[in-house]
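Asker: Starting off with a structure, shown below.
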Amino acid sequence: MTRLRLTIEDGKFWDAQGRQVVLRGINVAGEAKYPSRPDQPSHIGSDFFDGDNVSFVGRPFPKHEADLHFSRLKRCGYNTIRYVFTWEAIEAAGPGIYDEAWIDETIEVLRAAKKYGFYVFMDPHQDVWSRFSGGSGAPMWTLYAAGLNPQSFAATEAAIVHNTYPDPDNFPKMIWSTNYYRLAAATMFTLFFAGRDFAPKCIIDGMNIQDYLQGRFLGAIGHLAKRIHDAGDIQDDVVFGWESLNEPNKGMIGYEDISVIPKEQALKKGTCPTIWQTMLTGSGRAVEVETWDMGGLGPYKVGRALIDPHGETAWLPAGYDESRYGYKRDPGWKLGECIWAQHGVWDPATDTLLKKDYFRKHPATGDTIDYPYFTNTYFMDLFRKYRDVVRSHHENAILLLQGPTMELPPLIKDTPDGDDPRLVYAPHWYDGITLMTKKWNRTWNVDVIGVLRGRYWHPAFAIKVGEAAIRNCFRDQHAAMRQEGLDRLGNHPCIMTEFGIPYDMDDKHAYKTGDYSSQSAAMDANHFGVEAAGLEGYTLWLYNASNNHDRGDQWNGEDLSIFSVDDKPLPASARPSTPTPRASTASSSSSAAAAAAQRKEVDDDGSVTPANLRRSITNPSISSDATTRKPELTASPGYRAAESYVRPAPISVAGTITNYGFDLQQCVFTLSIKAPKTAGPDAPTVVFLPPYHFPKDGCSVEVSSGKWEISSDEDETVLIQRLRWWHGEGEQTLRVSGVIQKHNIGEGVEDAGYYEQCNQGAWSSCSVM
């Protein structure tokens, strides 16, 4: 039997040669959130509500551009793609109407990824349910099926939608995510996960709205999985797995009191109605609500404001003709009236709240619902269905379980679900302080996971002071989440499938000056966190092919893409490549004098190093020899703060990784492994070694045993520099020192030993041995 290209054993990934693989990846691509025809990023309002007549063909990018984008990413050292797509892309035209043209192009793009050796897993992406409720994901018709009228969301503030915002140029930072606590998204997630329990009157096509929505979603996923299977040449060889629904939310399920803002609503910005108030405004009532803003220490109350829909409602009117969708609504489900009023939550005749705790307990069992209960019951019920649908077409599929964001994963260890040998834990984590303020604060940050898990007597004790402490805090939060996966799911790999930084920091200061030092420091700290925590992989958010300095990622004011058309080209290497590989034997290194001379030469000839890489932003004349770079990439736009994310990393290891990391300030990569046997000639340990930091003739290598070689090849289409190491058994170490330069990523921190200072005891405390 042929061994699969990627397998899981003992909680780690392994390749066909029996080497451990670290999945170092990126999300591709941001454009997948909105259609291509019409091209409708979130600031474009024209024809927005013609949502049945859109096409996502060409998303995440057109197939004829796939080589350009994949070659860029391969040269950054990525081996993994989190392939972003939406339910809307498959089924926008109506229930059961699949866009085969989009699927055809998706298959061709995945075939292109195969040439570059990428491991790919599929991400059914959503944010606050749908584009029409302010995010991305579900088709427009799902809102109509729930009895909602998306064309009235703006007047009622049932959702804050950038496409309908009165002044798109001044759309508030991060306000879109407050939509989780507004009527539209809160209702949709409640119906999707628990409609049978909390909305039993909502019957469509003879089934509860929960079963109808889940059935359509799973049907679309199953259809795509079948088409990928039938393609015959990409399943397992390229697409190794499927992640569950991106960032699922419990909606109103578990709300203790819908007349107050819930404790879990950490993000409060702009108008902040309670769920009860959203029900009132959603039914046309004028309501005064609290207003909030975000400051350096988190949200703070500003005052109060009136939301007055002037009688307009967020619900479809009675008698609305929805025959174009082909479904049949049960007569007991009345259009023109809030479904929560129909279920006795409130009385529209008197505008009286009748059951403030309606969603607090399971109506059949009386069990109190909180996030762990939601995750272990409602979420897991859907996950099992999703898993079974995917594996009915992709037998060997690895399933990446992503529970509610920043919450505890389900408790399934030592159960049939947890014993699944092809299961991966896939949490998300963001540095909220940086994301919300769009500033890199080197002075302090907060252990958010520690606060959420109740590890501090008071949140003030969760504040970490100093950049080294902040980096350690990032590492510890990732390590804690990984440990939660081990404790609650079992011995399965952990991939952090989203983390990232905003590039438009400091009011876009870098775009005016070319100084990306804040972005570089933040990105390096984030990568330190995922590397030092012992994760089995990660996928950075985000690659966006159309990012620009004006509109960022073209979606809700976000600007997290590593690439922008408005940044300068990034040279592929410091100097022209030489055809002869560098090689040596055990414990060898280039001499200190030679290394110093090389550093002098590199600095003098204007090469790209950790310090002077930023020169390429303003000096387009810096470029590499044609032998090291594809012509189409030489003229292409570029990257920003690339010295922080184009970093060395293990590709495949003949043994088990004990720890690894890259000290950007000292330009030193270290790797420690435990090797069960001597690496065979065809299965050495392989490390991606970017020439940005490690020009072949300008770095020193120290190994504990065996021999090594630095060479460049095009085995996976693009010329990549790799270090191959044939070593002995037992504990083995590798240290590679590159071109050391001074650069501004850690003001106020001692240069010497910075990585070691942050990494003290990291791996022993993470239970990764």
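Asker: Could you check the stretch 649-675 and list, in sequence order, the residues that are of a type in the set (Phe, Trp, Tyr) and either assigned to a loop (DSSP other than H, G, I, E, B) or surrounded by fewer than 22 Cβ atoms within 10 Å (Cβ to Cβ) (or both)?
Answerer: The one that is of a type in the set (Phe, Trp, Tyr) and either assigned to a loop (DSSP other than H, G, I, E, B) or surrounded by fewer than 22 Cβ atoms within 10 Å (Cβ to Cβ) (or both): 660.
Asker: Within the stretch 162-202, track down each residue that is over 22 Å from the mean Cα position of the chain (by Cα), within 18 Å of residue 41 (Cα to Cα) and not β-branched (Val, Ile, Thr).
Answerer: If the condition is that a residue be over 22 Å from the mean Cα position of the chain (by Cα), within 18 Å of residue 41 (Cα to Cα) and not β-branched (Val, Ile, Thr), then 163, 165, 166, 167, 168, 169, 170, 171 are the ones that fit.
Asker: So which helices (runs of 4 or more DSSP H) are wholly in the stretch 43-141 and hold at least 3 residues that are free of Cβ contacts under 8 Å to residues at least 60 places away in the same chain and surrounded by fewer than 23 Cβ atoms within 10 Å (Cβ to Cβ)?
Answerer: By residue number, 100-115.
Asker: If a residue has to be in contact (Cβ under 8 Å) with a residue 60 or more places away in the chain and either closer than 17 Å to residue 216 by Cβ or touching a Cys at 6+ places or on another chain (Cβ under 8 Å) (or both) to count, how many in the stretch 142-164 make the cut?
Answerer: 6
Asker: If we keep just the residues of the stretch 676-693 that are of a type in the set (A, V, I, L, M, F, W, C) and at pLDDT below 95, which is surrounded by the fewest Cβ atoms within 10 Å (Cβ to Cβ)?
Answerer: 683
Asker: Can you tell me which residue within the stretch 708-739, out of those that are in a strand (DSSP E or B) and of a type in the set (Gly, Ala, Ser), is surrounded by the fewest Cβ atoms within 10 Å (Cβ to Cβ)?
Answerer: Of everything passing the filter in the stretch 708-739, 730 is surrounded by the fewest Cβ atoms within 10 Å (Cβ to Cβ).
Asker: Hey, another quick one. Give me the pairs: first residue in the stretch 191-206 and at pLDDT 95 or above, second residue acidic (Asp, Glu) and not in a helix (DSSP H, G or I), beta-carbon distance under 7 Å, and six or more apart or on different chains, which are they?
Answerer: 203/330; 204/330
Asker: So, in the stretch 26-42, of the ones that are in contact (Cβ under 8 Å) with a residue 24 or more places away in the chain and part of a loop (DSSP other than H, G, I, E, B), which residue ends up farthest from residue 143 (Cα to Cα)?
Answerer: 29
Asker: I'm checking my understanding of the structure. Among residues of the stretch 221-246 that are among the hydrophobic types (A, V, I, L, M, F, W, C) and within 22 Å of the chain's Cα centre (by Cα), which one is nearest to residue 117 (Cα to Cα)?
Answerer: 238
Asker: Is it the case that the stretch 454-466 has a residue that's part of a helix (DSSP H, G or I), aromatic (Phe, Trp, Tyr), in contact (Cβ under 8 Å) with a residue 12 or more places away in the chain and over 19 Å from residue 412 (Cβ atoms)?
Answerer: No; the residues of the stretch 454-466 include none that is part of a helix (DSSP H, G or I), aromatic (Phe, Trp, Tyr), in contact (Cβ under 8 Å) with a residue 12 or more places away in the chain and over 19 Å from residue 412 (Cβ atoms).
Asker: So, in the stretch 511-554, how many residues would count as being in a helix (DSSP H, G or I) and either at pLDDT below 95 or not aliphatic (A, V, I, L, M) (or both)?
Answerer: Count: 13.
Asker: Can you tell me which residue within the stretch 165-197, out of those that are in contact with a Gly (Cβ under 9 Å, 6 or more places away or on another chain) and among the aromatic types (Phe, Trp, Tyr), is farthest from residue 217 (Cα to Cα)?
Answerer: Among residues in the stretch 165-197 that are in contact with a Gly (Cβ under 9 Å, 6 or more places away or on another chain) and among the aromatic types (Phe, Trp, Tyr), the one farthest from residue 217 (Cα to Cα) is 171.
Asker: If residue 386 satisfies every condition in (1) part of a helix (DSSP H, G or I); (2) under 17 Å from residue 474 (Cα atoms); (3) aromatic (Phe, Trp, Tyr) but one, which is the exception?
Answerer: Residue 386 satisfies every listed condition except (2).
Asker: Return the residues of the stretch 45-89 that are under 14 Å from residue 106 (Cβ atoms), within 18 Å of the chain's Cα centre (by Cα) and of a type in the set (A, V, I, L, M); say none if nothing qualifies.
Answerer: If the condition is that a residue be under 14 Å from residue 106 (Cβ atoms), within 18 Å of the chain's Cα centre (by Cα) and of a type in the set (A, V, I, L, M), then 81, 84 are the ones that fit.
Asker: What about residue 404, is it surrounded by fewer than 18 Cβ atoms within 10 Å (Cβ to Cβ) and part of a loop (DSSP other than H, G, I, E, B)?
Answerer: So residue 404 does not fit the description; no.
Asker: Another question, then. Are there any pairs, at least 6 apart or on different chains, whose C-beta atoms fall under 8 Å, with the first in the stretch 492-503 and assigned to a strand (DSSP E or B) and the second crowded, with 24+ Cβ neighbours inside 10 Å and hydroxyl-bearing (Ser, Thr, Tyr), and if so, which?
Answerer: 494/425; 495/425; 495/538; 495/539; 496/538; 496/539; 498/539
Asker: Residue by residue through the stretch 192-217, note down the ones that are closer than 18 Å to residue 90 by Cα and either among the basic types (Lys, Arg) or touching a Lys or Arg at 6+ places or on another chain (Cβ under 6 Å) (or both).
Answerer: Passing the criteria: only 216.
Asker: In the stretch 1-20, what residues are under 14 Å from residue 492 (Cβ atoms), assigned to a loop (DSSP other than H, G, I, E, B) and in contact with a Ser or Thr (Cβ under 9 Å, 6 or more places away or on another chain)?
Answerer: The answer is 10, and nothing else.
Asker: Looking only at the stretch 434-453, filter to residues that are without any contact (Cβ under 8 Å) to a residue 40 or more places away in the chain and among the aliphatic types (A, V, I, L, M); which one of those is surrounded by the fewest Cβ atoms within 10 Å (Cβ to Cβ)?
Answerer: 451
Asker: Here's a follow-up. Here are some residues: 196, 131, 182. Which one is farther than 27 Å from residue 401 by Cβ and among the basic types (Lys, Arg)?
Answerer: 182
To keep it simple, each residue is scored yes or no on (1) polar (S, T, N, Q); (2) at positive phi.
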{"residue": "437", "(1), (2)": "yes, no"}
{"residue": "441", "(1), (2)": "yes, no"}
{"residue": "446", "(1), (2)": "no, no"}
{"residue": "450", "(1), (2)": "no, no"}
{"residue": "454", "(1), (2)": "no, yes"}
{"residue": "457", "(1), (2)": "no, no"}
{"residue": "468", "(1), (2)": "no, no"}
{"residue": "478", "(1), (2)": "no, no"}
{"residue": "487", "(1), (2)": "no, no"}
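For every residue, the table says whether it meets (1) without any contact (Cβ under 8 Å) to a residue 40 or more places away in the chain; (2) surrounded by fewer than 16 Cβ atoms within 10 Å (Cβ to Cβ).
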{"residue": "296", "(1), (2)": "no, yes"}
{"residue": "300", "(1), (2)": "yes, yes"}
{"residue": "317", "(1), (2)": "no, yes"}
{"residue": "321", "(1), (2)": "yes, yes"}
{"residue": "330", "(1), (2)": "no, yes"}
{"residue": "336", "(1), (2)": "yes, yes"}
{"residue": "341", "(1), (2)": "no, no"}
{"residue": "344", "(1), (2)": "yes, yes"}
{"residue": "355", "(1), (2)": "yes, yes"}
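The values are calculated or read from the model by the stated rules, or taken from the named source; none is laboratory data. A quick note: this is a predicted structure, and the numbers were derived from the prediction, not measured. No Cβ is skipped: glycine too gets one built from the backbone with ideal geometry, and neighbour counts run over all protein chains shown.
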